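K.L.:
Below: one structure in structure tokens.
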Amino acid sequence: MVVAAPASGSGKTTVATGLVGALRRVGHRVAPFKVGPDYIDPGYHGLAAGRPGRNLDPVLVGTERVVPLYRHGARGCDLAVVEGVMGLFDGRIDPDHAGPVAEGSTAQVASLLGAPVLLVVDARGHSQSLAALLHGFATFDSAVRLGGVILNRVGSVRHDQVLRAACERVGLAVLGSLPRMAELEVPSRHLGLIPAVEHGAAATAAVAAMTDLVAAHVDLHAVAALASSTVSGPAWDPFEAVRGPDIAGGSQAFAESAVDPALDTVDGGPLIAIAGGSAFTFGYAEHRELLLAAGARVVVFDPLRDELPTGTAGLVLPGGFPEEHAAELAANTGLLRAVAEAARRGMPVHAECAGLLYLTRSLDGHPMAGVVSADAAFGSRLTLGYRDAVVLADSPLWRAGERVRGHEFHRTRLITATSDVSAWGWRDNADERVREGALIRNVHASYLHTHPAGNPEAITRFVRVATDYASSRVVG
């Protein structure tokens with residue numbers, strides 16, 4: 001089922017995470033998903049499900065991949081809970097989009113999956129007029145099927161009775177009614193919730209509280225009975241994505257590795273090190289799977305305290321919150337020197353957002369790796385949105401002239417312009433040309449987040465360059 005809401009802030013994450021945990025508690029194997037490019041909510045979903053939370057983003061991966069990725073992520077499960085993004089019909093703001101619903105919206109994903117929608121309504125301030133709001137959402141698009149309502153933040157027994165009567169008036173069943181629970185608030189900061197990996201024990205406790213709340217106030221049997229999907233067809237296959245249809249079926253090997261991080265290596269192949277820990281929390285589960293399918297070995301390390309893994313032939317520096325950990329990152333001088341030296345020698349480096357900041361000369365005055373000839377600082381302005389980017393020069397990932405869709409989401413900025421070759425070009429909302437990112441030998445650094453499942457050929461190229469680098473180092 002798809003968990004949606006009329007607007008952001010209605011409590012989708014609380015309900016979706018609680019549903020995953022509560023349904024798992026009563027014996028279901030639940031696959032958690034998040035609509036859009038959000039990296040944070042899937043971390044809480046993963047804690048509740050005991051398996052990775054995954055994203056379904058038609059903008060970044062293409063509508064044709066949404067169902068296959070859903071079927072891949074739901075392998076071995078009997079239920080799937082898909083948390084929506086923003087309001088049900090909110091998506092990419094694109095005046096050229098001619099579709100019936102906004103591209104990348106929860107409504108679009110629900111339609112692609114043929115799945116029912118559970119509408120989470122923030123009950124504060126609502127009374128009988130809730131019926132009119134629900135009537136609008138139920139009839140706005142015939143391709144979207146509202147299966148029921150979960151009332152959130154209900155103030156009293158009387159309030160609950162009035163709201164249930166409003167739902168009954170428009171023929172929508174109330175599957176749950178959650179009272180106001182201030183203690184369930186999960187700490188947030190400038191880009192939303194604090195990632196679960198940073199919040200540690202408190203995140204685990206918050207997920208347990210969400211699970212308890214939903215278990216006590218939602219009809220789990222009715223929710224499970226509502227869940228359905230009209231789609232069929234093959235699951236996405238990382239082997240096929242990087243090696244072609246003749247290798248299809250190889251992804252069965254990931255049935256266990258999807259839930260067991262210890263199975264992150266294969267025999268032979270170049271070693272790809274992926275930055276993790278509290279400072280680098282943004283990533284997609286499919287990235288590791290594609291790297292493995294392309295023949296790489298994968299290891300995750302923490303730049304706050306670890307050295308560069310021995311034998312590293314390629315480095316991935318994903319997004320995250322390095323500005324929250326700049327002093328600790330700067331204190332690991334051995335790693336900073338090793339990364340700078342590896343970049344100088346031609347090791348392929350794929351750096352997105354936090355990775356870009358790590359490669360600058362400094363971040364908020366703290367010395368970084370100095371690979372990118374710019375300095376960075378935290379700012380007051382949020383940069384947010386999808387980008388239709390053009391590759392400006394060859395790199396270990398892309399070829400000049402290729403078109404790639406990505407997403408920006410940051411409050412930091414480069415306070416000194418880089419003299420390096422730009423990685424991307426696009427036009428902004430004012431139709432002005434934008435050049436962004438940096439290319440330095442085999443380093444591709446940018447604020448732009450991309451989804452590897454939407455660009456599998458880039459992963460193949462990256463592993464190939466890493467293989468060549470490893471060979472050259474052995475020969476040298």
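The values are calculated or read from the model by the stated rules, or taken from the named source; none is laboratory data. As the structure is a prediction and not an experimental result, all values here were calculated from the model. A quick note on method: Cβ atoms are made from the backbone with ideal geometry, for glycine too, and the neighbour counts reach across all protein chains shown.
K.L.:
Among the residues in segment 300-321, are any crowded, with 23+ Cβ neighbours inside 10 Å, part of a helix (DSSP H, G or I), at pLDDT 95 or above and not hydroxyl-bearing (Ser, Thr, Tyr)?
P.N.:
No, there is no match, as no residue in segment 300-321 is crowded, with 23+ Cβ neighbours inside 10 Å, part of a helix (DSSP H, G or I), at pLDDT 95 or above and not hydroxyl-bearing (Ser, Thr, Tyr).
K.L.:
Is there any pair with a first residue in segment 288-317 that is closer than 20 Å to ALA241 by Cα and a second that is assigned to a loop (DSSP other than H, G, I, E, B) and among the hydroxyl-bearing types (Ser, Thr, Tyr) whose Cβ atoms are under 7 Å apart and which are 6 or more apart or on different chains, and what are they?
P.N.:
Cβ pairs passing all conditions: ARG297/THR265; VAL298/THR265.
K.L.:
Which ones in segment 107-133 are surrounded by fewer than 22 Cβ atoms within 10 Å (Cβ to Cβ), free of Cβ contacts under 8 Å to residues at least 60 places away in the same chain and of a type in the set (A, V, I, L, M)?
P.N.:
ALA131, ALA132
K.L.:
Of everything in segment 438-476, what is polar (S, T, N, Q), touching a helix residue (DSSP H, G or I) at 6+ places or on another chain (Cβ under 8 Å) and farther than 17 Å from ARG243 by Cβ? Give them in sequence order.
P.N.:
Within segment 438-476, ASN442, SER446, THR450 qualify.
K.L.:
In segment 332-359, which residues are assigned to a loop (DSSP other than H, G, I, E, B) and crowded, with 24+ Cβ neighbours inside 10 Å?
P.N.:
Within segment 332-359, MET347, PRO348, CYS353 qualify.
K.L.:
If you don't mind, there's one more thing I want to ask. Does ALA224 satisfy being modelled with pLDDT under 95, among the aliphatic types (A, V, I, L, M), in a helix (DSSP H, G or I) and under 23 Å from ARG54 (Cβ atoms)?
P.N.:
So ALA224 does not fit the description; no.
K.L.:
Same structure again: Kindly provide the set of residues from segment 393-439 that are touching a residue at least 60 places away in the same chain (Cβ under 8 Å) and touching a Leu at 6+ places or on another chain (Cβ under 9 Å), ordered by number.
P.N.:
Selection gives ARG405, GLY406, HIS407, PHE409, HIS410, ARG411, THR412, GLY437, ALA438.
K.L.:
Something else about it: Being surrounded by fewer than 23 Cβ atoms within 10 Å (Cβ to Cβ), touching a residue at least 12 places away in the same chain (Cβ under 8 Å), in contact with a Leu (Cβ under 8 Å, 6 or more places away or on another chain) and within 22 Å of HIS221 (Cβ to Cβ), is that true of even one residue in segment 73-91?
P.N.:
yes
K.L.:
Can you name the number of the only condition in (1) assigned to a strand (DSSP E or B); (2) surrounded by 13 or more Cβ atoms within 10 Å (Cβ to Cβ) that PHE462 fails?
P.N.:
(1)
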